[in-house]
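Trainee: Below is the structure I would like to discuss, written out as structure tokens.
Bear in mind that the values in this text are calculations on the coordinates, not laboratory data. The structure presented is a predicted model; accordingly, all values stated were derived computationally and were not measured.
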Amino acid sequence: MLRRAVRFLGNVVSGSPDEEEKYPSLVLLLENPISLTQEAIFELAMEVWGDSDKQGSIERGRHGRLWTVCISEVLFGFRGGTGRYRRPRHEANEVRQRVWDRHQAWLEVDYPNGAKIPESEWPGCYKLLFLMANHLWGENCLGIYLPVQGVTVPNMGELIASIRWAGTNGTPLPFLHEQEEREA
């Protein structure tokens, strides 16, 4: 109980979310902070996930750093902060650790309704999140952290090339692959 209270206070002070939340999420670890306004987030979300025939909406969360975007009846969360994103352990790989050592800000993109679906269906959720990450990917993005899996993917150029590099250099990525449906 005391441990949970201390973690909660640490999250409030740092702005980093609670690591116990279990839904598809990715965190862009940034060299420099970026400021995304309500309008910019909504425009970006509509560009990435929107459909010209569908409506969307955006609302600011209670704590001011969280934005909830609804596109085509699907909810996404955006949360960002300056400073370091909290994580439970040191990276064993020097390239991955360098991402953590150099980052000064972060931007998290969540699929919170993923908590209501089986983890076997999460690869589809991650595909949507990676579409957004691809639009935000650039020199300022040092890498991506996937909190539920505890996986860090350093920026090695293009996003797909970075994911491939991570997969061939010891990062377990099975959660990104959809399980094949077996016919009866």
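Trainee: Collect residues whose amide H, placed 1.01 Å from N in the peptide plane, falls under 5 Å from the amide H of V151; neighbours closer than 5 in sequence don't count.
Mentor: Close amide H contacts, sequence-distant or interchain: L146.
Trainee: Quick one: in the stretch 25-171, what % of C-alpha pairs are over 25 Å apart?
Mentor: Of the Cα pairs, 27 percent sit more than 25 Å apart.
Trainee: Defining a contact as two alpha carbons under 8 Å apart and six or more residues distant in sequence, what relative contact order in percent does the stretch 25-171 show?
Mentor: Worked out over the stretch 25-171, it gives 31 percent.
Trainee: Continuing with this model, one more query. For the stretch 101-114, take each phi angle, set θ = phi - 60°, evaluate the Karplus expression 6.51 cos²θ - 1.76 cosθ + 1.60, and give the result in whole Hz per residue in order, putting x for glycine and proline.
Mentor: In residue order, the calculated couplings are 5, 8, 6, 10, 7, 8, 9, 9, 10, 10, 10, x, 6, x Hz.
Trainee: What does the convex hull of the Cα atoms of the stretch 61-117 come to per residue, in Å³, rounded to a whole number? Don't skip to the answer; put the middle values down first.
Mentor: Values: hull volume 7.5 nm³, N = 57.
Given the Cα convex hull of the stretch 61-117, per-residue volume reads 131 Å³.
Trainee: Take the eigenvalues of the Cα gyration tensor for the stretch 33-92, scale each by 5, and report the square roots as semi-axes in whole Å, largest first.
Mentor: The equivalent ellipsoid of the stretch 33-92 has semi-axes of 26, 13, 11 Å.
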